[in-house]
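No value in this document is a laboratory result; all are computed from the given coordinates. Predicted model only: the values in this text are computed from it and were never measured. Virtual Cβ from ideal backbone geometry, glycine too; neighbours counted across all protein chains shown.
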Amino acid sequence: MPDVNAIANRVAAATPPSLGRAVRGLSDRSIAWLFVAPTIILLLAINIFPLIWTIYLSFTNYASNRPNRAVVNVGLKWYQDILGSPEVWAAMQATAHFVFWTIFFQTLIGFTLAYLIDRKFRGHAFWTTIILIPMMLSPAVVGNFWKFLFQPQIGLFNYIVSFFTGIPPSSFEMLGSVTLAPWAIVIVDTWMWTPYVMLICLAGLRSIPDYIYEAAEVDRASKWRQFWSITLPMALPFIMLAVLFRGIENFKMFDMVVLLTGGGPGSTTELASITLKRQAFEAYRTGYSSAFAIILFVVIFGLANIYVKALNRVKQR
Amino acid sequence: MSGAVTTAHSVVEPSATSRRIAAFLVILYAVVTMVPLAWIFATAWKTPPDSISYPPKVVFDPSLEGYCNLFTTRTRQTDEYIEALGPPQGACDEVTRKREMVIAGPSNYLPRFVNSLIIAFGSTFLAVSLGVFSAYAFSRFKIPLADDLLFFILSTRMMPPIAVAIPIYLMYREIGLSDSALGMILLYTAVNVSLAVWLLKGFIDEIPREYEEAAMIDGYTRLQAFFKVVLPQAATGIAATAIFCLIFAWNEYAFAVLLTSGEAQTAPPFIPTIIGEGGMDWPAVGAGTTLFLIPIVVFTVLLRKHLLRGITFGAVRK
Amino acid sequence: MRPGQPARKRWPRWARRGLLENVAIGLIALGVLMLVQPVSITLYSYSFVTVLAGTLMFTIVSKFPE
């Protein structure tokens, strides 16, 4: 490569000798640290230092709207309060309802769509791209415009439901009713994130080599049998990956739901993150909400460990 | 049956009928899933009365009122006052006067949109710059505890934003970064750098080491080889990563609503606060939403080949 | 197991990484279920320590050899 040599010489000539020697002298080891250090320092400053601070605050009575009050150590009081509180327990159950049903519908619809797209009909790439659009949008803006669609009198959703079922469109309120609101947020989340599950399932289906099906055909296994003993088991690590990630994301869901229902009516759609936001930024119970934040941290951290294990399993394919 | 004629490969090819059924169902889903989006895009072109009419209007006279209301603030005036003003200046003035109002000034939408642009591009630039160095180091060198560091980097992204926001809010208040674009850029950089490192590591892993080694034999230093050989090879990956970071920062709401209130507020917390007389001004909300979402739709189409990588942190590459 | 690695041979069978990792994952999953179940508030109260124990255990045993 004569060109490269020429460039190297030109670079060497243009570099001041002392700097050139210093740069040339950098060992791979020091370059490695030089390259990693800025990222680690930023994350320490913006993530780890605040985390340690949160742990400290969770043992104190600090309130962010009264910064001059003497800070007293309260021990494990906040943790005991939260873990004995029926309200927080109810928020956890609301979260569980949301997480369970969104994962259920997204996996069901997402896998079915992936299976259909894998039939490779003409134009499938185009339609796949169209289907993917909702998951890239801003959850907050999505929550806001679905609120418009869910309006009881004028909303498109109620109109379409009444068009197909004959129920008068003003007889039910998706966001105002205690029984329907938890399902309204499930509908919107499913609309938005089914493409995510679909895309990962599609990768799973495409990772199954043709020869396995060919071997099954030779053995005269029925299509039904092939689906249950080849397709599903081999796509399962991918499905698990999608389920875990959606589970983690929806466990901490905030933006979309807060704009759709704001946690209401009552506290029927008050998910864990919304309770946390109310305690921290409306009631200014900083100590209490710090303890709550740590509890959520630990749960997410535990789930993230499992997620990375699932990622590595998929990577080996 | 033409079994004897079909090739060995066609054994696993789906039949024409099953393909047609699959195509029908997938296209049906795609069309249904686009209805809410199409509806909000259409609402932007309605007048406020049309937007809340029953039954919902599918056919309507397009009006600029939504876009006009999005960009202006208006005050109600008497007929005499409006008549004394002389002829209307431009389309928006005309629409506003029909409602017996005059334009009082620009709204906050444009500054919020510009904030979104500054913060999204600033944090993307920083996150990708930091990320590409770290990703290279993780890809090429033996770093002690590399797996733990990578997990640590990833786990920071998984944290619930509200939980992170509590100490950040206090910290920013102490050091004067509350409601500042710089504070938001640093925060989004920290969140995005984890994605950037993981994604870029995947892209750099795919560049053969032989390229750099050849360059180094020819007299390049390691750093020169990185800048002149690896970076150009990774250009596609860097662009895809940048778009992912951009979309995250563009879409983010939780940090934005808690940590910014005026100066540095981005568009997502602003759009839900657009109200007209007697409730939400849905055409203006629709217009704001349309302008905000169109870039993302375009990016999604551009990114379609890399989406899978992006959402699995580079683990699944097809 | 490759020859020439006596250190690994001495590692007890029950303490292999794969098995203990699965126990830790089970513990985390159990803790999350306890956190969200609607049946008993006592189980809810002990959910956090269960998740914490599982997470710590996972972090430690992931350093063990296969």
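Of note:
- Peptide B:279-285, shielding by other chains (average Cβ, 10 Å cutoff): 2
- Working from Cα pairs under 8 Å separated by at least six residues, relative contact order for the stretch B:36-144 is 21 percent.
- Placing +1 on the Cβ of every Lys and Arg and -1 on the Cβ of every Asp and Glu, with no other charges, gives chain B a dipole of roughly 1000 debye about its Cα centre.
- Take each residue of peptide C:35-44, count the partner chain Cβ atoms within 10 Å of its Cβ, and average: the result is 5.
- Structural descriptor for chain A: relative contact order 27 percent, calculated from alpha carbon pairs under 8 angstrom and at least 6 residues apart.
- Relative exposure of B:50, B:218, judged by other C-beta atoms within 10 Å (fewest first): B:218, B:50
- Helix B:16-43 axis, angle to chain B major axis (alpha carbon atoms, nearest 10°): 40
- For the stretch C:14-61, radius of gyration divided by Kirkwood radius, i.e. Rg to Rh on alpha-carbons: 1.07
- Computed packing ranks the peptides A:103-114, A:222-233, B:157-168 as B:157-168, A:103-114, A:222-233, most packed first, by mean other Cβ atoms within 10 Å.
- Computed FRET value (nearest 0.05) for residue C:40 with residue A:183, which takes r as the C-beta separation and R₀ as 25 Å: 0.45
- For residue A:315, a cut-off of 20 angstrom between C-alpha atoms picks up these aspartates and glutamates, skipping any fewer than 8 places away in its own chain: A:210, B:147, B:148, B:205, B:206, C:21, C:66.
- Look at B:79, A:28, B:205 and count the other Cβ atoms within 10 Å of each Cβ; fewest to most, that gives B:79, A:28, B:205.
- A:220, B:20 arranged by Cβ crowding within 10 Å, fewest neighbours leading: A:220, B:20
- Structure remark: mean-square fluctuation, Gaussian network model of chain A, C-alpha springs under 10 Å; the largest value among A:217, A:282, A:270 belongs to A:217.
- Greater than 28 Å apart at Cα, pairs in A:252/B:142; A:223/A:309; B:142/B:228; A:277/B:305; A:77/A:309; A:147/B:305: A:252/B:142; A:223/A:309; A:277/B:305; A:77/A:309; A:147/B:305
- With the alpha-carbon atoms of the protein assembly as shown aligned to their principal axes, the span from lowest to highest coordinate is 96, 81, 69 Å, starting with the largest.
- D_trans [Stokes-Einstein, Kirkwood Rh over alpha-carbon pairs] for chain B, 20 °C, 1.002 mPa s, µm² s⁻¹: 90
- Vicinal HN-Hα couplings computed from phi for the stretch A:220-231 (Karplus, 6.51 cos²θ - 1.76 cosθ + 1.60; Hz; Gly/Pro x): 6, 6, 5, 4, 4, 4, 4, 4, 6, 9, 10, 4
- Applying a DSSP loop filter and a limit of 16 other Cβ atoms within 10 Å to the chymotrypsin sites (Phe, Trp or Tyr not before Pro) in the stretch B:117-201 leaves B:141.
- Axis angle, to the nearest 10 degrees, between helix C:17-36 and the longest C-alpha principal axis of chain C: 10 degrees.
- The stretch B:48-107: translational diffusion in µm²/s, Stokes-Einstein, Kirkwood Rh over Cα pairs, 4 °C, 1.567 mPa s: 103
- Helix runs (DSSP H) in chain A reaching 24 Å along axis by Cα, Kyte-Doolittle at least 1.0: A:86-117, A:181-206, A:232-251, A:286-315
- Exposed GluC sites (Glu not before Pro) absent - longest run of chain B, DSSP non-H/G/I/E/B, at most 14 other C-beta within 10 Å: B:101-205
- When the Cα positions of B:91, B:104, B:67 are compared along the charge dipole of the stretch B:48-107, B:67 comes out farthest toward the positive end, with charges on each C-beta of Lys, Arg, Asp and Glu.
- Each Cα pair under 8 Å and six or more residues apart adds its separation to the average, and for chain B the resulting relative contact order is 25 percent.
- The separation of the stretch A:264-317 from the stretch C:7-41, counted between C-alpha centres, amounts to 21 Å.
- Around the Cα centre of the stretch B:86-144, unit charges on the Cβ atoms of Lys, Arg, Asp and Glu (plus for the first two, minus for the last two) sum to a dipole of about 340 debye.
- In degrees, nearest ten, helix C:47-61 long axis to first principal axis of chain C (Cα): 10
- Calculation over all alpha carbon pairs of the stretch B:87-187 in 10 angstrom steps from 0 returns a P(r) of 11, 24, 26, 16, 12, 6, 4, 0 percent.
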